[in-house]
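The values are calculated or read from the model by the stated rules, or taken from the named source; none is laboratory data. As the structure is a prediction and not an experimental result, all values here were calculated from the model. Heads up, the Cβs are rebuilt from the backbone with ideal geometry, glycines too, and the neighbour counts pull from every protein chain shown.
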Amino acid sequence: MILVVALKTSLLKWRPDYEIASDEYGKAATCFKNAKSFEQCKECLLKAADCHKQNKSWFHAAKCMEQAVLACKDLGDLRDVQSLAQRAAYLFQQHGSPESAASVLDKAGKLLEAQYPDQALRLYQQAADVVMIEDNPKHAAEFCSKVSRIMVKLQMYDQAADAVRREIGLQQQCESTAAVGRLAVVLVLVQLAREDTVAAEKAFKEWGNYCDPQEVQTLEMLLQGFDEEDGDMVSRALNSPFIRHMDVEYSRLARDLPLPKGIVLPKPVNEGEVTASPSRSHRENPIPTLSSLIKAPVRENATSSYVSPNAPAPEIENDAAANTVKDDVLNEVKEPESTDCVGRGGSGNANEEDEDDDLH
């Protein structure tokens, strides 16, 4: 009855009494909440917020919106949580309370993180922006950390790399060296998840001086394993204790990181085996590229390369045969020359003997 009188206008009352109406709506919301009628409680809180906005009481309107978010939680329907939290944050900012705005966004993000992580991501991003207006890098770094974890969970690795870099910048402003070192490890893992080893090495060179000696050794082993395509080395690096004890999203990222594999050459075909069609064999055993062959490591006890029986003889054997034929020809040429020389020598001696006989 009081509520109807408060909102009613008359000849002498030109404007409704929104202050009394908002109080009555608040009392009704409390009664409905105690009676477990959360839907009616939510409606009364929204009407109370509208009455406060008519009086330009932004703070009380935002508080009613925040209570409506909690009513949605009790109701089990989280579809309106994002919109209500954003409206409440806007009203808190309009009143001049950015910390309260970030708080309501944080509460709503925690409610949505399990079922609607994409909506929680947008709320955390807005909370980080709100806090940065007040120049609070430590609080902003916490929200950026939540943003990074959700992006990794949703496999948004490109955006996650940017979020981690932003968090590193905020931690540097707070002069938190240990946190920057841990984030350098996270950034390397994210870049490897993007299959960009060059960016991972660049991130290690840029931020590796903040890491502990154990972290530096592990990252060097990890990057070397990817560079040499050594899956065992990468697996040993990813099983490092400090990587396994990181945040849940980052440890899962390290666990699911694809290991590098060496080049698998096609098996040699024996004479008695029936080969598949060329197109099918090419799909099953693709020909490795030149760059991959150069990058591939040398394997111990590797099978010798396949040599086709129809391939031409090696050039070394041809050169040897050519040299043998050349020597035979030279020998044949030298033998007549030696015979002629002997003949010429014999005829010269006979002429000398004839001249001696004539003298006698």
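In the set Arg149, Arg122, Arg194, only one residue is out of contact with any Leu (no Cβ under 7 Å at 6 or more places or on another chain) and under 30 Å from Ser57 (Cα atoms); that residue is Arg122. In the set (1) more than 27 Å from Ala49 (Cα to Cα); (2) within 20 Å of the chain's Cα centre (by Cα), the condition left unmet by Leu121 is number (1).
Residue-wise test of (1) outside any helix (DSSP H, G or I); (2) hydrophobic (A, V, I, L, M, F, W, C); (3) in contact with a His (Cβ under 9 Å, 6 or more places away or on another chain).
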{"site": "Leu46", "(1), (2), (3)": "no, yes, no"}
{"site": "Cys64", "(1), (2), (3)": "no, yes, yes"}
{"site": "Lys73", "(1), (2), (3)": "no, no, no"}
{"site": "Gln82", "(1), (2), (3)": "no, no, no"}
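Condition check: of a type outside the set (A, V, I, L, M) and within 42 Å of the chain's Cα centre (by Cα). Does Glu66 satisfy that? Criteria met by Glu66. There is at least one residue in the range 35-46 that is touching a helix residue (DSSP H, G or I) at 6+ places or on another chain (Cβ under 9 Å), surrounded by fewer than 20 Cβ atoms within 10 Å (Cβ to Cβ) and over 26 Å from Gln115 (Cβ atoms). When Gln115 is tested against (1) in a helix (DSSP H, G or I); (2) closer than 20 Å to Leu70 by Cβ; (3) out of contact with any His (no Cβ under 9 Å at 6 or more places or on another chain); (4) in contact (Cβ under 8 Å) with a residue 24 or more places away in the chain, exactly one condition is not met: (1). Inside the range 140-161, residues that are under 11 Å from the mean Cα position of the chain (by Cα) and free of Cβ contacts under 8 Å to residues at least 40 places away in the same chain make up a count of 8.
For the range 171-213, taking the residues that are among the acidic types (Asp, Glu) and assigned to a helix (DSSP H, G or I), the one that is nearest to Asp227 (Cα to Cα) is identified as Glu201. Residues being of a type in the set (S, T, N, Q), out of contact with any strand residue (DSSP E or B) (no Cβ under 8 Å at 6 or more places or on another chain) and farther than 25 Å from Gln119 by Cβ are entirely absent from the range 244-266.
Check Glu220, Glu229, Glu215, Glu206 and return the single one that is at positive phi and surrounded by 13 or more Cβ atoms within 10 Å (Cβ to Cβ). Before the answer, list the steps.
Numbers: Glu220 fails: at positive phi; Glu215 fails: at positive phi; Glu206 fails: at positive phi.
Exactly one of Glu220, Glu229, Glu215, Glu206 is at positive phi and surrounded by 13 or more Cβ atoms within 10 Å (Cβ to Cβ), namely Glu229.
Go over the candidates Leu12, Leu3 one by one and state the one that is more than 51 Å from the chain's Cα centre (by Cα), at pLDDT below 90 and outside any helix (DSSP H, G or I).
On the way: Leu3 fails: outside any helix (DSSP H, G or I).
Going through Leu12, Leu3 in turn, just one is more than 51 Å from the chain's Cα centre (by Cα), at pLDDT below 90 and outside any helix (DSSP H, G or I): Leu12.
Name the one entry in Ala200, Ala179 that is out of contact with any Gly (no Cβ under 8 Å at 6 or more places or on another chain), without any contact (Cβ under 8 Å) to a residue 60 or more places away in the chain, within 19 Å of Arg252 (Cα to Cα) and surrounded by 18 or more Cβ atoms within 10 Å (Cβ to Cβ).
Working: Ala179 fails: within 19 Å of Arg252 (Cα to Cα).
Going through Ala200, Ala179 in turn, just one is out of contact with any Gly (no Cβ under 8 Å at 6 or more places or on another chain), without any contact (Cβ under 8 Å) to a residue 60 or more places away in the chain, within 19 Å of Arg252 (Cα to Cα) and surrounded by 18 or more Cβ atoms within 10 Å (Cβ to Cβ): Ala200.
Only one of the numbered conditions (1) surrounded by fewer than 22 Cβ atoms within 10 Å (Cβ to Cβ); (2) closer than 23 Å to Arg252 by Cβ; (3) among the basic types (Lys, Arg) is violated by Lys107, and that is (2). Could you tell me whether the range 145-157 includes any residue that is of a type in the set (S, T, N, Q) and within 20 Å of Tyr90 (Cα to Cα)? No, the range 145-157 contains no residue that is of a type in the set (S, T, N, Q) and within 20 Å of Tyr90 (Cα to Cα). Within the range 160-215, the residues that satisfy the criterion of being β-branched (Val, Ile, Thr) and at pLDDT below 90 are Thr177, Thr197.
Yes or no, residue by residue, for (1) surrounded by 24 or more Cβ atoms within 10 Å (Cβ to Cβ); (2) closer than 16 Å to Tyr25 by Cα; (3) of a type in the set (A, V, I, L, M):
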{"residue": "His60", "(1), (2), (3)": "no, yes, no"}
{"residue": "Lys63", "(1), (2), (3)": "no, yes, no"}
{"residue": "Ala68", "(1), (2), (3)": "yes, yes, yes"}
{"residue": "Arg79", "(1), (2), (3)": "no, no, no"}
{"residue": "Ala88", "(1), (2), (3)": "yes, no, yes"}
